[in-house]
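The values are calculated or read from the model by the stated rules, or taken from the named source; none is laboratory data. As the structure is a prediction and not an experimental result, all values here were calculated from the model. Neighbour counts are summed over all protein chains in view; Cβ atoms, including those assigned to glycine, are modelled from backbone coordinates with ideal geometry. Heavy atoms of the whole protein, side chains included, go into the accessibility calculation; ligands, DNA and RNA do not. Shrake-Rupley method; radii C 1.70, N 1.55, O 1.52, S 1.80 Å.
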Amino acid sequence: MWRVTLKGLLGHKLRFMLTGLAVLLGVAFMAGTLVLTDTIQVIFDDLVASVNDGTDAFVRSNEVVDSAFGEERNRVSADLLPQVRAVQGVAQAEGDLQFYAQVVDAKGEAIGNPGRGAPSFGFIWNPGRLNAYRLVAGNSPSAAGEVVIDRGTAKKGNLRVGSRVKVLSQSAPEDFKVAGIVTFGEADSPAGASVSLFTSEEAQRLSGAVGQYDGISISAVDGVSQEQMVRRIDAALSDPKVEVITGATLTKENQDQFTQQLSFFSTALLAFALISLFVGSFIIFNTFSIIVAQRTREIGLMRAIGASRSQIVKSVIAEAALVGILASAVGLGIGILLAAGLKALLAGLGIDIPAGATQVLPRTIILCLGVGTFVTIAASVLPSRKASRISPMQALRSTGSDPMKQLGRRSTIGVVITAVGIGSLLYGLFGNVGNPTLFVGIGALVVFLGVAALGPVIARPVSRLLAAPLPKLKGMVGVLARENAVRNPRRTASTAAALMIGVALVGFITIFAASIKNSIATAVDSAFTADFVVAAKGGGPPSLSGFSPDLAQKIKEVPGVGASSGLRFAGAELQGKGVFVIASDPATSTQLFDVKPESGDFKQLGINDVAVSSDRMKKEGWVLGQRISAKFPKGASTLKITAVFGMGQQAGLSDYFISLAGYDAHYTQQLDSQVYAKVADDANPRVVGRDIKKILKEYPTAELLDQEQFKATRSGQVDQILNLIYALLALAVVIALIGIANTLGLSIVERTNELGLLRAVGMTRRQLRSAIRWESVIIALLGTALGLVIAVFFGWALVTALRDQGLAGFVAPVDRLAVIVVLAGLAGVIAAILPARRAARLNVLDAISQE
Amino acid sequence: MNTVTKTSAARAVDASKIYGSGDAEVRALDSINVEFASGMFTAIMGPSGSGKSTLLHVLAGLDTVTSGEVFIGDIELSTLKDKDLTLVRRDRLGFVFQSFNLIPTLNALENMTLPLSLGGRKADSAWQDEVVKAVGLGDRLGHRPNELSGGQQQRVAVARALLSKPEIVFADEPTGNLDSRSSSEVLSFMRAAVDNFGQTIVMVTHDAGAAAYADRVVFLADGSIEAELMNPTSATVLDRMKQLGG
Ligand SMILES: Nc1ncnc2c1ncn2[C@@H]1O[C@H](COP(=O)(O)OP(=O)(O)O)[C@@H](O)[C@H]1O
Ligand SMILES: [Mg+2]
């Protein structure tokens, strides 16, 4: 039996290469993701470890808020430092600060790639073992007005020791002299981040932490273990809001935080790899089904000479297993190369990942080989069972195309599966369940399987409909294309199903993005009553950057500015729940945002007040004037509900507003994410805009936008993500195209006689190619039509489910969906190129004399 | 060599077809000279492997000769590129093969009009009615080949060959797979096409009875013409076959 299997493989190399390709690509994607993230993980773990290399213990506040913006921790008093230094066994103890500091070069440009690339940080320059940096030029910062920068920043900004630079931080932009240049080990900078180092006093001033540190790093004398050190310091300190941890714990925590962020990234990529494999499984299923049908005689003969059913099953499965293992192994190899390529690509985008050995963990190898082989075998189970049902008698009959049996039963099964999938999806979206992603994901998967099961039933009528104009357009060629597309609905359907999945996901994400963009536009239209907004170029993450409040102050002073305010986004815990909070100037908020005040008074918002949206009030059952508990980085407090307003989260804002004064009191870093300004009634907006732009010369990371531009940049951000997802889904679509090409290729082999006859009675090569091309287009359009129906349903369901989270409503972007249809048609043309060429090359005589 | 009274629809001049080389060399056609007159029904006979199919294929532009020339009317086929050769087949020739003559996805009528519709043409409707009537399918024109009997299928194939009014129809053992009743239906149909419409037909057969439907029989052996017979009957054909065989 094994010999038969091997012969089968060797006899149809091209066919199996194409089938293998469907698995290979998905596995390569998966391997690439795993290897890349493992490599980045190890590099980063090393980086964190070397940053904390000299740290044996760390003193910090135990007041911390964990929100969507990450972990924000309170600072500690600098008074702790002498106490810590006095503890026996402490070799060295230094205060640490990490804060926003952006170096601006002589041309006035921010160095690095703020808003997209690695972040820019300021630190205290610490001497000795507690310094992770190495001076390669100049000296350490020793006075006010001196900064030490990393060599990466120096190279990018063309800076030398003695150069004058501007530094943006939470205080107003200031001039500094470059006192020295450092490297991070051998690297120019730690993972491409921009680093500026200051004296302790300067750092405290620039970060608004006078008399404070983020924490205190301690290096112990030889012979004192980390645990001993922690115990001794802990005993010496009496502040209940302070905790001491070992250097090892600190390293582990930092590493785990990064692992968490990275795993979000890798999970997303793996999901796309699995989608590709899922699509690939349809191709495998289809290829094996066709092969079994074509080998009916051979299998019948084997049955006749005594092969048992289970031997037939085994021989097909063995064939699949071999293809699966080979393809997975090659895919794994390609994935490893791909990871190296991706790393280079990221570096090209400004995300420098330091050199480090490529990590191919045993887990990666096992997972990739296992999943790839499993998918291939699983997809061949049904075809193998079909093969085993071939009777010895069928060896004697000619290979007939199998007629559509049991259509009724198939429809019922398909409808039931689809309904179950839809049910699970809707339950996940609307059922208030604990793990909605699971129900939605499984629901979507089952919907695909259900529609695929229905495929053979709907393929014929839908294809006929789609191909209706063809005979008019292309005459007999069109008729032949249409008839060939529908002659084997089972085959056509499962070929189209692979593309259906890709198109459904592409269409869904297109619809979803359009709905988001629409609701952004609606929100900006309805809530944005300011004339201008100053926002970060490229829309950088608000937690890593922002503008000094100095900017808002300067804008306020521009003649003709009527009302203005900085706006800050933050995370907090209210009544024990993590929430998203906006801070703004209560005096001007209602002029800048149409928040539709309902009761209470926005202007009365003080340090310990909060304004809450009416939606939220209803949901939580709160009343105006009620006090609610709150937890901020600077500690717990009680907030009074002072105002209620109409437009919260559904307008793209937040359900909670606090005052800037409140933010000052409750948060450590003071950076505005955006600044809003409204032009006074008697002023000329153009003049005011020009004057604000003058101020922005000092703030190269900021840009001035009017309402339309603001909308456009927000939509642009959505489009960026959309394009990224398109790129990730492209592989699934490519695999589906390979599937179409594979099916057409196999069908052409079956139709050799027929093609020869057509050529003999006068079909030109061009006509033959055209017929195959159109057949391919019909199959592609069938997949696209089914995919778009699913896409509209998925899009509608998700948008409806997210309505109270700020999504205005379902929007189907007809123009973009039309582009998808056209592209799918073109894809069909491309998939047909090789099969058509092969068919046209058939020798007429061989073809007609072949039995 | 032959006295041909009418103009020739197809001819081969010193045509040779050699397969393989050296020891394995096979001369399927050996400097053959033959002409087929317009409006005549010619049968080609000969033992298996004598080159009958090869002759038909080179005459029909499905294959090329190794040396010599082949003409359809005045056109020398070896000078034509694939595209033009295809158009000659489509517009000037008709074919009937032994089996697998019809496209399974097209119905009988679509199969009949296939060469015409590939050329973007329509049969002249009087002629189509006549052929359709002669083919005797009645109400089965909308049926697909797998719903027709073998004889019906071959008659559809003959109808297809006739419908474009080709200069010549080539048929390679068109009744080879048919029972005698179906055979005579197909052969009568071909005979009628020659008698009533002046069609030229060249048919390969190994059946003396079939050959008797023709106006002329050409006997082939080892790739060249060995004998021929005008106005054959089954008896004269069998007689001649016996002579040649012995
Ligand atoms: N493609 C080919 N390759 C090699 N030899 C061939 C090929 N086709 C035909 N022949 C040989 O040419 C000779 C004539 O074949 P053919 O014309 O088919 O004979 P017939 O139709 O009279 O039985 C035979 O000896 C046959 O084996
Ligand atoms: Mg023959």
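How well do other chains shield peptide A:764-770, expressed as the mean number of their Cβ atoms within 10 Å of each residue Cβ? Write down the numbers at each step before the final one.
Numbers: counts 10, 3, 2, 4, 1, 0, 0.
Per-residue shielding by partner chains comes out at 3.
Just order A:265-276, A:712-723 by mean Cβ neighbour count inside 10 Å, highest at the front, would you?
Details: A:265-276: 18.4, A:712-723: 15.7.
Top to bottom by mean Cβ count within 10 Å: A:265-276, A:712-723.
If one takes the longest principal axis of the Cα atoms in chain A, at what angle in degrees, from 0 to 90 and to the nearest 10, does the Cα axis of helix A:765-801 lie?
Value to nearest ten degrees: 40.
Run down the lysines and flag those whose C-alpha is under 16 Å from the C-alpha of B:Lys122, throwing out any fewer than 8 positions away in its chain.
B:Lys122 reaches A:Lys472, A:Lys474, B:Lys165.
Counting only other residues whose beta carbon sits under 11 Å from that of A:Lys603, what net charge do I get with K and R as +1, D and E as -1? Mind dumping the intermediate values first?
Details: positive: none; negative: A:Asp585, A:Asp601, A:Asp609.
Its environment carries a net charge of -3.
Would you mind giving the total buried accessible surface between chains A and B, with a 1.4 Å probe and ligands, DNA and RNA left out, rounded to the nearest 100 Å²?
Numbers: alone 37180 and 11590 Å², together 46610 Å².
Between A and B, the summed buried area is about 2200 Å².
Expressed as a fraction of 2.2 N^0.38 Å, the rule-of-thumb size for a compact globular protein of N residues, what is the C-alpha radius of gyration of the range A:52-251?
Working: Rg = 17.2 Å, N = 200, 2.2 N^0.38 = 16.5 Å.
In units of the 2.2 N^0.38 Å rule of thumb, it is 1.04.
I'd like the mean, over residues of A:610-622, of how many other protein chain beta carbons sit within 10 Å of each residue's own Cβ.
That average works out to 0.
With both partners inside chain B, how many of the DSSP beta bridges are antiparallel, as a percent to the nearest 5? Provide the component values of the computation, followed by the final result.
Details: 21 of 37 bridges.
Percentage antiparallel, nearest 5: 55.
Can you tell me what share of the DSSP beta bridges in the range A:52-251 is antiparallel? A percent to the nearest 5 is fine. Intermediate values should be presented prior to the final figure.
Details: 39 of 49 bridges.
For the range A:52-251, the DSSP antiparallel bridge percentage is about 80.
Could you compute the net charge surrounding A:Phe285? Neighbours are other residues with a C-beta less than 13 Å from the C-beta of A:Phe285; K and R count +1, D and E count -1. Don't skip to the answer; put the middle values down first.
Details: positive: A:Arg385, A:Lys386, A:Arg490, A:Arg491; negative: none.
In short, +4.
Counting other Cβ atoms within 10 Å of each Cβ, which trypsin sites (Lys or Arg not before Pro) in the range A:71-148 have at most 14 and sit in a DSSP loop?
Details: sites: A:Arg73, A:Arg75, A:Arg85, A:Lys107, A:Arg116, A:Arg129, A:Arg134; in loops: A:Arg75, A:Lys107, A:Arg116.
Answer in residue order: A:Lys107.
Averaged across orientations, what area in nm² does the convex hull of the alpha carbons in chain B project?
Numbers: hull surface 55.1 nm².
The number I arrive at for chain B is 13.8 nm².
Take A:Ile848, A:Ile735 and sort them by solvent-accessible surface of the protein heavy atoms, 1.4 Å probe, largest at the top. Spell out each step's value before the answer.
Numbers: A:Ile848 35, A:Ile735 0 Å².
Most to least solvent-accessible, the answer reads A:Ile848, A:Ile735.
Compute the relative contact order of chain B as a whole-number percentage, counting only Cα pairs closer than 8 Å that sit 6 or more residues apart in sequence. Can you show the working numbers first?
Numbers: 483 pairs, mean separation 65.8, N = 246.
This gives 27 percent for chain B.
Can you give the relative contact order of chain A as a percent, counting alpha carbon pairs under 8 Å and 6+ residues apart? Write out the running numbers ahead of the final one.
Details: 1669 pairs, mean separation 142.2, N = 851.
Contact order relative to length: 17 percent.
Would you work out the Kirkwood radius for chain A? I mean one over the mean of 1/r across all pairs of different Cα atoms, in Å. Intermediate values should be presented prior to the final figure.
Working: mean 1/r = 0.0321 Å⁻¹.
About 31.1 Å, per the Kirkwood formula over Cα pairs.
When you have a sec, figure out the Kirkwood radius of the range A:546-700 from all distinct Cα pair distances and drop it here in Å to one decimal? Walk me through the numbers on the way to the answer.
Working: mean 1/r = 0.0622 Å⁻¹.
It works out to 16.1 Å.
Straight-line reach from A:Lys618: which aspartates and glutamates have Cα under 15 Å away, leaving out those fewer than 8 places along the same chain?
Cross-link targets: A:Glu598, A:Asp655, A:Asp804.
Within the accessible area of the protein assembly as shown, what % is carbon and sulfur when the probe is 1.4 Å and the other protein chains stay in place?
Values: 26480 of 46610 Å².
The computed percentage sits at 57.
So what's the range A:200-271 giving for Cα Rg divided by 2.2 N^0.38 Å, two decimals? Intermediate values should be presented prior to the final figure.
Details: Rg = 17.3 Å, N = 72, 2.2 N^0.38 = 11.2 Å.
Against the empirical 2.2 N^0.38 Å value, I get 1.55 for the range A:200-271.
I'd like to know which of B:Ser188, B:Leu87, B:Leu106 lies farthest towards the positive end of the charge dipole of the range B:8-244, counting +1 on Cβ of Lys and Arg and -1 on Cβ of Asp and Glu.
Of the listed residues, the answer is B:Leu106.
Find out how many positive minus negative residues lie around B:Ser164, taking Lys and Arg as positive, Asp and Glu as negative, among other residues whose Cβ is under 9 Å from that of B:Ser164. Intermediate results must be reported in sequence, preceding the final value.
Numbers: positive: B:Arg90, B:Arg92, B:Arg121, B:Arg160, B:Lys165; negative: B:Asp91.
Its environment carries a net charge of +4.
Would you mind checking the tilt of helix A:309-348 against the longest principal axis of the Cα atoms of chain A, expressed as 0 to 90 degrees and rounded to 10?
30 degrees
Measure nothing but the geometry: give the 0 to 90° angle between the long axis through the Cα atoms of A:814-831 and the longest principal axis through the Cα atoms of chain A, rounded to 10°.
50 degrees
Could you work out [θ]222 nm for the protein assembly as shown from helices alone, using -39500 (n - 2.57) per DSSP H run of at least four and dividing by all its residues? Round to the nearest 500 deg cm²/dmol.
Values: 35 runs with 563 residues, N = 1097.
Computed ellipticity for the protein assembly as shown at 222 nm equals -17000 deg cm²/dmol.
Normalised by the number of residues in the range A:546-700, what is the relative contact order in percent for Cα pairs under 8 Å and 6+ residues apart? Please report the intermediate quantities before stating the final value.
On the way: 319 pairs, mean separation 53.3, N = 155.
Computed value for the range A:546-700: 34 percent relative contact order.
Quick one: of A:Lys177/A:Lys678; A:Lys537/A:Lys631; A:Lys166/A:Lys554; A:Lys252/A:Lys631, which pairs are farther than 28 Å apart, Cα to Cα? Can you show the working numbers first?
Details: A:Lys177/A:Lys678 37 Å; A:Lys537/A:Lys631 31 Å; A:Lys166/A:Lys554 18 Å; A:Lys252/A:Lys631 25 Å.
In this structure, A:Lys177/A:Lys678; A:Lys537/A:Lys631 exceed 28 Å between Cα atoms.
List every residue whose amide H lies under 5 Å from the amide H of B:Gln199, counting only residues 5 or more places away in sequence or on a different chain, with H placed 1.01 Å from N in the peptide plane.
For B:Gln199, whose amide H was placed from the backbone, the distant partners under 5 Å are B:Val194.
Out of the DSSP beta bridges found with both residues in the protein assembly as shown, what percent are antiparallel (nearest 5)?
On the way: 96 of 131 bridges.
So the antiparallel bridges in the protein assembly as shown amount to around 75 percent.
What accessible area per residue comes out for chain A, rounded to a whole number of Å², with a 1.4 Å probe?
On the way: 36070 Å² over 851 residues.
Per-residue accessible area for chain A comes out at 42 Å².
Excluding ligands, DNA and RNA, what is the solvent-accessible area per residue of the range B:8-244 at a probe of 1.4 Å, expressed in Å²? Let's see the in-between values first.
Details: 9610 Å² over 237 residues.
Roughly 41 Å² per residue, with all protein chains present.
Partner chain Cβ atoms within 10 Å, averaged over the residues of A:752-760 - can you pull that number for me?
Other-chain Cβ atoms within 10 Å of each residue's Cβ, averaged: 5.
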